[in-house]
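> I'd like to ask you about the structure that follows.
The values are calculated or read from the model by the stated rules, or taken from the named source; none is laboratory data. Because the structure is a prediction, the values reported are computed rather than measured. Neighbour counts are summed over all protein chains in view; Cβ atoms, including those assigned to glycine, are modelled from backbone coordinates with ideal geometry. Heads up: the accessible areas ignore ligands, DNA and RNA and are worked out on the full protein's heavy atoms, side chains in. Shrake-Rupley method; radii C 1.70, N 1.55, O 1.52, S 1.80 Å.
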Amino acid sequence: MKATIERATLLKGLSHVQSVVERRNTIPILSNVLIEAAAGGGLKLMATDLDLQIVETVDAAVDTPGATTVSAHTLFDIVRKLPEGAQVQLTAAEGKMLVTGGRARFNLSTLPRDDFPVIAEGDLPTKFDLPAATLRQIVDKTRFAISTEETRYYLNGIYLHASEEGSDGPVLKAAATDGHRLARMTVAQPQGAAGMPGVIIPRKCVAELRKLLDEVDGSVEVSLSSTKIRFGLGQAILTSKLIDGTFPDYSRVIPTGNDKLLKIDPKSFMEGVDRVATIASEKTRAVKMTLDRDKIILSVTSPENGTAAEEVPGDYTSLGFDIGFNARYLMDILGQIEGDSVEVHLADAAAPTLIREGEKAPALYVLMPMRV
Amino acid sequence: MTDQPPAPGAPARRIIHVDMDAFYASVEQRDDPALRGRPVAVGGSRERGVVAAASYEARTFGVRSAMPSVTARRLCPDLVFVRPRFEVYRDVSRQIRAIFARYTALIEPLSLDEAYLDVTEDIAGMGSATATALAIRAAIKEETGLTASAGISYNKFIAKIASDQNKPDGQCVITPARGPDFVAALPVKRFHGVGPKTAEKMTRLGIASGADLRARSRDWLLANFGSWGSYLHDAARGLDDRPVRPDRIRKSVGAENTFFTDLRGPTELLEALDGIVETVWPRIEASRSRGRTVTLKVKYDDFRQITRARSFAEPIASRAQFAEAGKMLMLALCPVERPVRLLGLTLSALDQPGDPVAAQLGLGL
């Protein structure tokens, strides 16, 4: 194999690929990137952790087609340090790969390409296109709520499912929850998504997808079965196994009868929460909200640090009461609100609270209070 | 939460250590006249069983608690094995604590059958700690039909050793004046925390008695026994300022099981683990404990023991979560390197009842 490629092009490709590679691996070849030089020109870079696989095609001049595998992180670090504008030459022969760029030469150990594991995609019967911007929103508005608790592995991802019951026609819904809060995003159902199985996209796939989405305009091709999902993002193809579990019926925890409505500016609300939470105990991050007619007081009482309070303006006409929230959870949600007003639908201090921009807003959040 | 050392010049404390005599076995002999006067062992008689308690008749044959049942039977072929009835022991234990409570509010139970009492403040007007101990033992005999022994001294360490001095059905007083000599004469294995291994190490270092320990400097003890050396230094001088803690809090809830035959396959190990979850979870629920750390204990057939723990951000909230955590820890050890003789599962890092209750509520998903 012999190929020549612009440093910046290779670096960008490798940066996508190397983040799929786990830092620590018990199987040596999983630390490697598979480099395949095609006869017609172009390099295919591929990495996997056995659950998630990325294949990225980059422009390159190929002298001799062929393939090999080398340490992804090492190659990435090398290319990163090569001088800007350098032409990088990759030459693989006899168990080594020679990397030259500028005046530097690296002779790297390789592992045989035939040992490189590939995720068998199988049949992916559901296929639809989503605008990259829409997919970005879906991820941004839900991913913060993904659980990190491994014992509840079925919550370790975003649940994507189709529904025919939207008020404006069929929809695609994405939901994530950690058992304390729930985030749901609803978008118009794309052609081809009808009848798709509900799937749970693992957290790591979501993270890699989000990075790649920053570099894509236009649309993303989504293909899936009940066990695998593939995202076609221009030059990159991300394929992931899906979480094999049942996502709980989350719709039953979305409150429908919360009769106390607070309308508030999300920005000043969030800033106020952030300020008073400065002294909240690291463990609980509890912030108390005292609601009174058009008067909202945020406060924190910390046995170690003292007390803090801030009044924030808001529209509220129902019966006054106190309710506690985890400041971080509240800020995660408020950080996703784009408009200048947010609706907080409350019931009581122990009931789920609904947060959304308005009835028609595509995103909806449910937050359980804290007992304070 | 710091323990105040006693102020200099403060009057000596009066501490009683009450220890029931052969507790489980005595309860069994009390409730079944046929067992009286016979060597009785409470515990499993099966191949892998362990003696939980032995009656005094059994002890004359050398039967001891924690001894494998097989060994016990070899020492005493007429030994009668009785299955433990923990419910009954717990009831008796409650009765005994109610008796203690008549004499002091400072009660620190160590287990079902022993407790430290601080009777410095003589609320019952008994006149002396010795009289209080006599009254308590008489009440125990009267109300439960069982005997107890007591050690009376000016700190917990000496009181505990003293309660063993005139067992069964006796008591022993060690005054502050006699304390140092009493401790000096003790063989090191009577010191708290000195097991067979440490005793061996001490023998190697030429330490056989409390007097030998006292001859060593604090620095020397620290160098040889780590931070524990400081305790040894004080204990050898009869000093121990640990207070009697009535609010001693539970640190963990767990259970373990020694198997009839050693286990090897993941399926049988997970099944066995399920059985332990079955035992532990009701205890966790009963104690209303909320813990964040799950610890798996594994003893291999060569008696080597390892533990693997995992902590979570939130307390374990359900039996399923507890079982899943145990399963993850177990599977991480599979395939097991040797056949497994014992498995245990414990929940710890418990929420303290006194902690501020800023609790995150769940959505119920």
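> Quick check on my filter: what residues within region A:302-322 are in a strand (DSSP E or B) and either within 20 Å of A:Ser341 (Cα to Cα) or in contact with a helix residue (DSSP H, G or I) (Cβ under 9 Å, 6 or more places away or on another chain) (or both)?
Result: A:Ser302, A:Gly306, A:Thr307, A:Ala308, A:Ala309, A:Glu310, A:Glu311, A:Val312, A:Pro313, A:Gly314, A:Asp315, A:Tyr316.
> Still on this structure: When you look at A:Thr278, is it farther than 23 Å from A:Ser341 by Cβ, more than 14 Å from chain B (Cβ to nearest Cβ) and without any contact (Cβ under 8 Å) to a residue 40 or more places away in the chain, yes or no?
yes
> Right, here's the next one. Just give me the residues in region A:331-353 being more than 12 Å from chain B (Cβ to nearest Cβ) and either open to solvent by 10 Å² or more (accessible area, probe 1.4 Å) or touching a Cys at 6+ places or on another chain (Cβ under 8 Å) (or both), in sequence order.
Result: A:Met331, A:Asp332, A:Gly335, A:Gln336, A:Ile337, A:Glu338, A:Gly339, A:Asp340, A:Ser341, A:Glu343, A:His345, A:Ala347.
> Spot the failing condition for A:Val366; the list is (1) within 11 Å of chain B (Cβ to nearest Cβ); (2) at pLDDT below 95; (3) assigned to a strand (DSSP E or B), and only one is missed.
(2)
> Name the residue, out of A:Arg136, A:Arg143, that is surrounded by 18 or more Cβ atoms within 10 Å (Cβ to Cβ), more than 17 Å from A:Lys241 (Cβ to Cβ) and in contact (Cβ under 8 Å) with a residue 24 or more places away in the chain.
After applying the criteria, what remains is A:Arg143.
> If I filter region A:104-117 for residues that are within 30 Å of A:Arg356 (Cβ to Cβ), open to solvent by 30 Å² or more (accessible area, probe 1.4 Å), part of a strand (DSSP E or B) and away from every other protein chain (no Cβ under 14 Å), do I get at least one hit?
Scanning region A:104-117, I find no residue that is within 30 Å of A:Arg356 (Cβ to Cβ), open to solvent by 30 Å² or more (accessible area, probe 1.4 Å), part of a strand (DSSP E or B) and away from every other protein chain (no Cβ under 14 Å), so the answer is no.
> Sticking with this one: Name the single residue that is farthest from B:Asp32 (Cα to Cα) among those in region B:42-52 being open to solvent by 10 Å² or more (accessible area, probe 1.4 Å) and of a type in the set (A, V, I, L, M, F, W, C).
B:Val50
> Separate question: Could you please give the count of residues in region A:69-108 that are farther than 18 Å from A:Lys2 by Cβ and polar (S, T, N, Q)?
Residues meeting the conditions: 2.
> Find the residue count for region A:167-216, including only residues that are within 19 Å of A:Asp332 (Cβ to Cβ), in contact (Cβ under 8 Å) with a residue 40 or more places away in the chain and within 14 Å of another protein chain (Cβ to nearest Cβ).
The number of residues fulfilling the criteria is 7.
> Please pick out the residue among A:Asp244, A:Asp249 that is open to solvent by 10 Å² or more (accessible area, probe 1.4 Å), free of Cβ contacts under 8 Å to residues at least 40 places away in the same chain and closer than 20 Å to A:Val118 by Cβ.
A:Asp244
> Ok, one more. Give region B:254-293 a look and list any residue that's among the hydroxyl-bearing types (Ser, Thr, Tyr), open to solvent by less than 40 Å² (accessible area, probe 1.4 Å) and more than 21 Å from the chain's Cα centre (by Cα), or say none.
Correct list: B:Thr293 only.
> If you scan region B:60-113, which residues turn out to be open to solvent by less than 90 Å² (accessible area, probe 1.4 Å), under 17 Å from B:Pro39 (Cβ atoms), among the hydroxyl-bearing types (Ser, Thr, Tyr) and assigned to a loop (DSSP other than H, G, I, E, B)?
Within region B:60-113, just B:Ser65 meets the criteria.
> If a residue must be in contact (Cβ under 8 Å) with a residue 24 or more places away in the chain and in a loop (DSSP other than H, G, I, E, B), how many such residues does region B:225-266 contain?
The total comes to 16.
> Here are A:Gly358, A:Gly324, A:Gly272: which of them is small (Gly, Ala, Ser) and either open to solvent by 10 Å² or more (accessible area, probe 1.4 Å) or under 25 Å from the mean Cα position of the chain (by Cα) (or both)?
A:Gly358
> I need the full set of residues from region A:136-192 which are in a strand (DSSP E or B), closer than 16 Å to A:Val222 by Cα and among the basic types (Lys, Arg), in order please.
If the condition is that a residue be in a strand (DSSP E or B), closer than 16 Å to A:Val222 by Cα and among the basic types (Lys, Arg), then A:Lys173 is the only one that fits.
> Going through region A:280-289 one residue at a time, which ones are aliphatic (A, V, I, L, M) and either under 12 Å from A:Glu310 (Cα atoms) or open to solvent by 40 Å² or more (accessible area, probe 1.4 Å) (or both)?
A:Val287, A:Met289 - these are the residues of region A:280-289 that are aliphatic (A, V, I, L, M) and either under 12 Å from A:Glu310 (Cα atoms) or open to solvent by 40 Å² or more (accessible area, probe 1.4 Å) (or both).
> Separate question: Going through region B:290-345 one residue at a time, which ones are closer than 24 Å to B:Pro68 by Cβ and either touching a residue at least 60 places away in the same chain (Cβ under 8 Å) or of a type in the set (Val, Ile, Thr) (or both)?
B:Val298, B:Ile306, B:Thr307, B:Val336, B:Pro339, B:Val340, B:Arg341, B:Leu342, B:Leu343, B:Gly344, B:Leu345
> Looking at region A:146-166, which of its residues are among the aliphatic types (A, V, I, L, M), open to solvent by 10 Å² or more (accessible area, probe 1.4 Å) and more than 14 Å from chain B (Cβ to nearest Cβ)?
Of everything in region A:146-166, those that are among the aliphatic types (A, V, I, L, M), open to solvent by 10 Å² or more (accessible area, probe 1.4 Å) and more than 14 Å from chain B (Cβ to nearest Cβ) turn out to be A:Leu160, A:Ala162.
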